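Participant: Okay, here's the structure, questions in a sec.
Just so you know, all these numbers are worked out from the coordinates, no wet-lab data involved. Worth saying up front: this structure is predicted, and the values here are computed from it rather than measured. Glycine also receives a Cβ, built like all others from the backbone with ideal geometry; neighbour counts cover every protein chain displayed.
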Amino acid sequence: MKALLLRAVPRRALLSDSGKVLSLAGLTALVGAGVAGPAFGQAAPGQDVQLLNAAIALEHEGIAAYTIAAGSGLLKPEVVKIGVTFRGHHERHRDELVKAVKALGGQPVAAKSDKEYATQLNVAKLKNQADVLRLALGLERGAANAYLGLIPSLGTNYHQIAGRMAGDEAFHVAVLGGALGEPIPTQGLMFGG
Amino acid sequence: MSRSLMVAGALLSLMWGSQPVLAQESGDAERGATLYQQRCGACHSLDANRVGPKHRGVYGRQPASIPDFHYSTALRKLKEPWGDETLDRWLTNPTAMAPGTAMGIRVPQAQDRADIIAYLRSPAAR
């Protein structure tokens, strides 16, 4: 198991920030991280792994939200199509983040079941298409702000990808806000800050 | 989001402009509720554990005390209860306060932090 994991840890992960090869203790920590459970409590060493894993958890929830929405029967077919496209964007985000966590020698956090997401998002209260769109808008706006708020805490290697993901979320906000007839914000710098 | 809310927000920010210190001390829980939705709502709710732990009653509570949420060891090491000062430090820079935490979101504006904290302290979030 250990040998297998070691092989799975890419070379980049064996180098510390300064480019030095990790000590034996560091190596052991990496291997330990590989076998850790999905909970944050046992996650891999390294601040970035923790933060990127929280972002993966956020993307998992977003993906589930669009799956649940698409199957809710509350959306018109053309709206379902848009939702499925947006879900694909979030899947792409998840995949990039998973790659980053693995490259750092961490264990990407696993998704919960859609049933759990349905409960934690309280989808039982959604009665019509506008309700669903408002939930999606809230999550997307939150995600755009989350990525922007995260940047100063993240290692600089991940600033650009976080910015790019915030851009996608902002695009989703614009589409959903437009569909709901929300007024265009009058002031610039509408996210983060 | 209604237009009247936006107008109210604009008026409020005008008022803050003239009395920044006073507003900062007390915080505006109503503006804080909106900010909470927008800045924290991707990960937190009052009544459900999501990416982050549920927040109802967090003001005055010991850190990492929701039993069914898997906190980082970093957060479990914090000793002081969540109050005005600790929450302000947390939202300014969580990874400085608890290195190794899973939450990295910073809220750089003091007024925004004060308003969010006022919301968490208000009956709506207790």
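Participant: Ordered by residue, what ³J(HN,Hα) values in Hz, to whole numbers, does the range A:72-78 give under the Karplus form 6.51 cos²θ - 1.76 cosθ + 1.60, where θ = phi - 60° and Gly and Pro are x?
Facilitator: 6, x, 8, 9, 5, x, 5
Participant: While we're here: Summing Lys, Arg as +1 and Asp, Glu as -1, what charge do residues with Cβ under 11 Å from the Cβ of B:ALA64 carry, B:ALA64 excluded?
Facilitator: Spelling it out: positives minus negatives among the neighbours equals +4.
Participant: Here is a follow-up. Please give me, ordered by residue number, the chymotrypsin sites (Phe, Trp or Tyr not before Pro) of the range B:50-96 that lie in loop per DSSP and have at most 16 other Cβ atoms within 10 Å.
Facilitator: B:PHE69
Participant: Under 25 °C and 0.890 mPa s, how fast does the range B:51-111 diffuse according to Stokes-Einstein, given a Kirkwood radius computed over C-alpha pairs? Answer in µm²/s, whole number.
Facilitator: Rounded to a whole number, D works out at 206 µm²/s.
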